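The values are calculated or read from the model by the stated rules, or taken from the named source; none is laboratory data. Just so it is clear, the model here is predicted, and its values are computed rather than measured. Reconstructed Cβ throughout: ideal geometry from the backbone, glycine too, with neighbour counts over all protein chains shown.
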Amino acid sequence: MTISVIGLNHKSASIGIREKFSFSGDASSLLLRRIKKLSKINEVIIVSTCNRTEIYADSINGTSDIKDWLLSEKEFHPFVNHMYSHQEEDAIRHLFKVVSGLDSMVVGESEVLGQVKNSYKNALENKTIEGKLKRLFEYSFSVAKNVRTNTDIGGNAISFMYTSILLIKKILSDIEEKKCLLIGAGEMTELALKYLKSNNVNNITISNRKEENGKKLASDNECRYSHLNNLSNIIHEFDIIITSTSSSLPLIGKGNIESALDKRNNESVVIIDLGVPRDVESQIKNLDNVYLYTIDDLGEIIERNYRIREKSIKEAEEIIKFKIVEYKNWLSENNSAEIIKNYREYVDDITNGIVIKAKKMSKNGEDTESIIDYVSESLKNKLAHDTTTKLKELYPNLDEDKVRKLNDIFKEN
């Protein structure tokens, strides 16, 4: 069995591609169960974050098992050309970099860890991980904690939300007097509230489809709440719109904004769309007095600020190297324990069969010497013949060091 990952992210695919190959909730669970049914797949987990969708698997042939299946499925075939893949140590390193924020559009971001943990929980609930992958992801969470504790990478992170606020302040004067609409009630919205309030923006309305979640967040932060169904009736009131949902379709269309601009006498609007798939139709960008920024736009701005994190990145990579060795040691011990268990069961099967036959011989009145000769010859033939046959098959795959160690096992003490 081989650990592998195949997926796409902000480096390999545009947001237009990523939003079409994005899975959350029931869609993610359904895809997990579909892949788990494949004969070559032992374990599978789908990681879905703002900037990536990745499929991790423990399978017979590694990367090709998932890739071949994706190519065979008409709905997924077009995305394969945008995908990268890794297996074994490279796959392990990739996951550790993802959870540590090293592979994010915003190096050092903390949000990705929570998203990966949700993906892990989803796989557990759907019973698609149990052994090597389960342990690998548990190791990855330890890696993330270690990196956060022992480097400054988190402290130096320039988050999407921080960058968004900087952009808004450049475009709009007197930001504290502006009205802001936050669409969604997740982690990004909570971050937006934090940054807006720290900049004295207090006229905030939260809009969300799930009323209970939206009302609670609004109440906890002294904001107003409006149901998402009422969006078209209130959108013209706001100077700033920040949206981050998991909706599969755009929530704000060009018509909505054109109508809003008329009611606002063409006063400027800044829209930050952090949704993947996008919450806002891309054509809106062409309208006068509308400043629309997607997650990719923000990523380009953030990329220019990586230099300050170079030292922290190197420190994090050293931690990852150590943790890879640690996990591979666990993997080796786990694999050897499985081999030993299988060998013991193999020996038990042989000896149990011979003992049963010997007892029958005794009941039939055969003499003790004949029975002992039978047991001795049977054990030698079964254990020696079958084992030597398997060793001959294995030999071409062994290097000199492994051949020497194998010879040492069978030398007399």
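Worth a mention:
- Scanning the range 198-215 for residues that are assigned to a loop (DSSP other than H, G, I, E, B) and under 15 Å from THR163 (Cα atoms) yields a total of 1.
- Subset of the range 157-197 that is assigned to a helix (DSSP H, G or I) and among the small types (Gly, Ala, Ser) - its residue that is surrounded by the most Cβ atoms within 10 Å (Cβ to Cβ): ALA192
- The range 98-156, residues that are more than 18 Å from VAL5 (Cα to Cα), surrounded by fewer than 22 Cβ atoms within 10 Å (Cβ to Cβ) and polar (S, T, N, Q): SER110, ASN126, SER142, ASN146, THR149, ASN150, ASN156
- Screening ILE45 against (1) farther than 30 Å from GLU187 by Cα; (2) outside any helix (DSSP H, G or I); (3) in contact (Cβ under 8 Å) with a residue 40 or more places away in the chain leaves a single unmet condition, (1).
- Any hit, the range 17-28, residues being assigned to a helix (DSSP H, G or I), in the same structural domain as ASN118 (by TED's automatic domain parsing) and surrounded by 18 or more Cβ atoms within 10 Å (Cβ to Cβ): yes
- Out of ILE153, ILE168, sole residue that is on the phi < 0 side of the Ramachandran plot, touching a strand residue (DSSP E or B) at 6+ places or on another chain (Cβ under 8 Å) and in contact (Cβ under 8 Å) with a residue 40 or more places away in the chain: ILE168
- Some residue of the range 113-129 being more than 28 Å from ILE313 (Cβ to Cβ), at pLDDT 90 or above and hydroxyl-bearing (Ser, Thr, Tyr): yes
- Qualifying residue in the range 295-312 (condition: over 30 Å from SER142 (Cα atoms) and at pLDDT 85 or above): yes
- Flag if GLU310 is part of a helix (DSSP H, G or I) and of a type in the set (Asp, Glu): yes
- Matching residues in the range 84-109 - criterion: being assigned to a loop (DSSP other than H, G, I, E, B), more than 19 Å from LYS314 (Cβ to Cβ) and modelled with pLDDT of 85 or more: GLU88
- Checked against (1) within 26 Å of GLU130 (Cβ to Cβ); (2) assigned to a loop (DSSP other than H, G, I, E, B), TRP69 passes all but condition (2).
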